[in-house]
1. So residue 26 passes all but one of these: (1) crowded, with 18+ Cβ neighbours inside 10 Å; (2) more than 21 Å from residue 5 (Cβ to Cβ). Which condition number does it fail?
2. Taking the range 37-59 only, how many residues are farther than 12 Å from residue 14 by Cβ and either hydroxyl-bearing (Ser, Thr, Tyr) or out of contact with any strand residue (DSSP E or B) (no Cβ under 7 Å at 6 or more places or on another chain) (or both)?
3. Against the condition surrounded by 14 or more Cβ atoms within 10 Å (Cβ to Cβ), in contact with a strand residue (DSSP E or B) (Cβ under 6 Å, 6 or more places away or on another chain) and closer than 19 Å to residue 98 by Cβ, how does residue 7 come out, does it pass?
4. Can you name every residue in the range 26-65 that is within 19 Å of residue 137 (Cβ to Cβ) and in contact (Cβ under 8 Å) with a residue 40 or more places away in the chain?
5. Just to be sure, is residue 50 touching a Pro at 6+ places or on another chain (Cβ under 7 Å) and surrounded by 13 or more Cβ atoms within 10 Å (Cβ to Cβ)?
6. If you check 97, 134, 74, which single one turns out to be of a type outside the set (Phe, Trp, Tyr) and farther than 19 Å from residue 14 by Cα?
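Taken together, the values in this text are just the output of simple stated rules run on the coordinates, not laboratory data. Nothing here was measured: the structure is a model prediction, and the numbers come from that model. Backbone-built Cβ (ideal geometry, glycine too); neighbour counts: all protein chains shown.
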Amino acid sequence: MSITKIYLDNCSFNRPFDDQEQLKIRLETEAKLFIQSAVRDKKYSLVWSYMLDFENSENPYQDIKDAISLWKEIADSYCPASDDILTLGHQIVKHGIRPKDALHIACAIKSGCSYFVTTDHKLTNKSLTDIKIINPIDFIRETEN
């Protein structure tokens, strides 16, 4: 039995550092931390990408940047930049997805991920045939049953 490959986008990695006053944010944070624990336990295979490197490098808070970058070492695979990623990213943009998000999704698809986990609700409303775009809470609901 193969382990399910997943991709957490930058929004997901940053969720625990957001203001936890809103219930929705706290629940997404707990779900994301649960997923990361499952990654550590090898229940899921985490993919990291050059886009995560890029977006994390733009984080103005060094402590948050450092905490997120640790997951690059925990990830089971790395997706580098390539012409294939850029081509697929251009196709994904045609679905009304912002360019940076499209490149993240292209990395996930080219790496063989089944799920693209995000807390960006504009993305969870999008549907692609090659990957399931899903919120951390819904991911747990779907995969833990």
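1. Failed condition: (1).
2. Within the range 37-59, the subset farther than 12 Å from residue 14 by Cβ is 37-51, 53-54, 57.
Of the ones still in play, those that are also either hydroxyl-bearing (Ser, Thr, Tyr) or out of contact with any strand residue (DSSP E or B) (no Cβ under 7 Å at 6 or more places or on another chain) (or both) are 37, 40-45, 49-51, 53-54, 57.
Residues in the range 37-59 being farther than 12 Å from residue 14 by Cβ and either hydroxyl-bearing (Ser, Thr, Tyr) or out of contact with any strand residue (DSSP E or B) (no Cβ under 7 Å at 6 or more places or on another chain) (or both): 13 in total.
3. yes
4. 27, 28, 31, 32, 34, 35, 43, 44, 46
5. Taking the combined requirement at face value, the residue satisfies it.
6. Answer to the selection: 97.
Yes or no, residue by residue, for (1) surrounded by 15 or more Cβ atoms within 10 Å (Cβ to Cβ); (2) not acidic (Asp, Glu):
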| position | (1), (2) |
| --- | --- |
| 38 | yes, yes |
| 45 | yes, yes |
| 63 | no, no |
| 68 | yes, yes |
| 72 | no, yes |
| 75 | yes, yes |
| 78 | no, yes |
